[in-house]
Amino acid sequence: MQNVTRGALIIAGINLLVSLVWLLSDEHTRATLLEYVVATPSTVFEQGHVWTVATAIFFEPQFIQLVMNVLILFLFVPTLERFWGTPRFFRFFAITALAGMAGGLLAGLGTGRDLPIYGLAPFVLAATVAFGVIYARTPVQFFGVVPLTGRQLMYGFLAVYTLMTVLGQRWELFAAYAAACVAAAILTSKRFSPALAWKKWRIARARARLSVLEGGAKPAPKKKRDERYLN
């Protein structure tokens with residue numbers, strides 16, 4: 001617990017709180033939570049419950065998946081938060097989690113299946129992608145047993161999650177995972193990173209407004225050469 005960072009602990013705490021309320025509630029309370037907390041294509045696009053796009057991120061009714069999410073938040077995610085800092089980590093969380101929700105909901109519209117989209121799984125998978133990009137060659141002891149590199153860990157998680165969704169034909173969930181992973185790849189890429197592009201634009205704009213002064217004064221104008229005396 002000493003290695004758990006503040007941002008990861010906050011996300012895990014909210015996820016545990018919302019999910020435990022569900023697990024300990026009666027049928028009537030669960031029905032209310034499904035209507036006002038969980039996002040589906042109909043609740044978001046027809047009923048206008050737009051806030052469920054955010055609340056559904058912290059909802060996880062499956063106990064095994066809840067435990068897996070918390071383990072990943074404690075084992076790998078703190079490394080990313082220390083590397084980025086808490087503010088940038090929260091931005092990464094918000095962008096990838098919302099991208100996953102949007103991808104799943106739009107896929108639901110396309111397939112015509114009004115299935116609920118929820119959980120931290122898209123963000124968790126996005127975090128493993130970011131870990132695999134940033135710490136590609138770093139040795140990792142998966143659960144202290146399996147020796148891997150960061151890139152191998154990323155490929156392993158991608159393979160497992162893809163296999164589960166394809167075999168179960170859960171195309172909406174597959175779209176949520178894919179959208180979150182694409183967002184993570186863009187945010188961690190040096191070539192396509194929006195933050196890096198913004199910094200480069202600001203630097204270029206600042207350089208365009210600056211001029212070099214010699215000795216603290218404006219440079220003296222150059223004298224025109226008299227072409228008549230050229231040999």
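Total residues in segment 36-50 satisfying the condition of being without any contact (Cβ under 8 Å) to a residue 12 or more places away in the chain and either surrounded by fewer than 19 Cβ atoms within 10 Å (Cβ to Cβ) or within 12 Å of S19 (Cα to Cα) (or both): the figure is 4.
Restricting attention to segment 133-175, report how many residues are part of a loop (DSSP other than H, G, I, E, B), surrounded by fewer than 17 Cβ atoms within 10 Å (Cβ to Cβ) and not small (G, A, S).
First, the residues of segment 133-175 that are part of a loop (DSSP other than H, G, I, E, B): 135-138, 143-145, 168-170.
Narrowing further to those that are surrounded by fewer than 17 Cβ atoms within 10 Å (Cβ to Cβ): 136-138, 143-145, 168-169.
The next check asks that each one be not small (G, A, S); those that pass are 137-138, 143, 145, 169.
Qualifying residue count, segment 133-175: 5.
Residues that are aliphatic (A, V, I, L, M) and under 11 Å from the mean Cα position of the chain (by Cα): does segment 55-75 have at least one? Among the residues of segment 55-75, not one is aliphatic (A, V, I, L, M) and under 11 Å from the mean Cα position of the chain (by Cα), which makes the answer no.
Each residue in segment 118-138 was checked for being under 9 Å from the mean Cα position of the chain (by Cα) and among the small types (G, A, S), and 3 of them qualify. Looking across segment 1-16 at every residue that is of a type in the set (S, T, N, Q) and in a loop (DSSP other than H, G, I, E, B), the one that is nearest to the chain's Cα centre (by Cα) is identified as T5.
Any idea which of T162, T128, T138 is over 30 Å from P41 (Cβ atoms) and in contact (Cβ under 8 Å) with a residue 12 or more places away in the chain? Only one candidate qualifies: T138. The residues listed here are A99, A130, A94, A178; of these, the one that is exposed (fewer than 15 other Cβ atoms within 10 Å of the Cβ) and either among the hydrophobic types (A, V, I, L, M, F, W, C) or modelled with pLDDT of 90 or more (or both) is A94.
Of the helices (runs of 4 or more DSSP H) lying entirely inside segment 32-84, those carrying at least 2 residues that are at pLDDT 90 or above are 41-45, 52-55, 77-84.
Filter segment 17-29 down to residues that are in a helix (DSSP H, G or I), surrounded by fewer than 16 Cβ atoms within 10 Å (Cβ to Cβ) and not acidic (D, E) and give me whichever is modelled with the highest pLDDT.
Just the residues of segment 17-29 that are in a helix (DSSP H, G or I), to begin with: 17-23, 27-29.
Now narrow it down to the ones that are surrounded by fewer than 16 Cβ atoms within 10 Å (Cβ to Cβ): 17, 20-21, 23, 27-29.
Imposing the further condition that a residue be not acidic (D, E) reduces the set to 17, 20-21, 23, 28-29.
Details: L17: 91, L20: 86, V21: 88, L23: 84, H28: 88, T29: 87.
My answer is L17.
The values are calculated or read from the model by the stated rules, or taken from the named source; none is laboratory data. These numbers come from a predicted model, not from an experiment. Positions of Cβ are generated from backbone atoms using ideal geometry, with glycine treated the same way; all protein chains shown enter the neighbour counts.
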